[in-house]
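The values are calculated or read from the model by the stated rules, or taken from the named source; none is laboratory data. Predicted, not measured: the structure shown is a model, and the values here were computed from it. Quick note on the areas: whole protein, heavy atoms, side chains included, nothing else; ligands and nucleic acids left out. Shrake-Rupley method; radii C 1.70, N 1.55, O 1.52, S 1.80 Å.
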Amino acid sequence: MRIRYLVRLLHLSILLLFCLMGLLAVQLVGTSEEALDNQCCGVVASNPLPNDPEAADEIAHGKKLFKNNCAQCHNRNMRDVLSGPALVGVEDRWSDYPREDLYSWIRNSQKMIYDQHPRALVLGKEWDFAVMNAFPDLSDEDIEALLAYINRKY
């Protein structure tokens, strides 16, 4: 009798464990991609999506552009180095130059280094002149959307 009781208790414990695992799985599946991004990175976005639909659309567009063009080299938490530099504060680092220079850097960093742009040379030396992919098809609006996404995250 006692063994039968212990076996049933073990079965119930296993069943309870599977139920808890199922609840956890349901919770994770029901979690938004943004929340999962933040959980994975250990960071919570400091700026919630704006109420302005146009701004929210711009940020969503920037997120898509980031995933398709930048995420291979730049950490999605924007703070840590991957094979490319952290992107948080990128606008501040380019603030001594016209905004168009930042656009040019994003579109074709190698050309800016070749043209001896002072900020491009500093970055080139800092990163051992690693080649960043060129993105000549990004419009000014695309780059602004990318920057809005980067700034929104942090």
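Both radii come from the Cα set of segment 45-154: Rg as radius of gyration, Rh as Kirkwood radius; their ratio Rg/Rh reads 0.96. The share of accessible area on segment 60-154 that comes from carbon and sulfur is 52 percent, using a 1.4 angstrom probe.
Taking amide hydrogens as placed 1.01 Å from N in the peptide plane, the amide H of TYR97 sits under 5 Å from that of no residue at least 5 positions away in sequence or on another chain. Restricting the calculation to Cα atoms, every distinct pair contributes to the Kirkwood radius of segment 101-154, found to be 11.8 Å.
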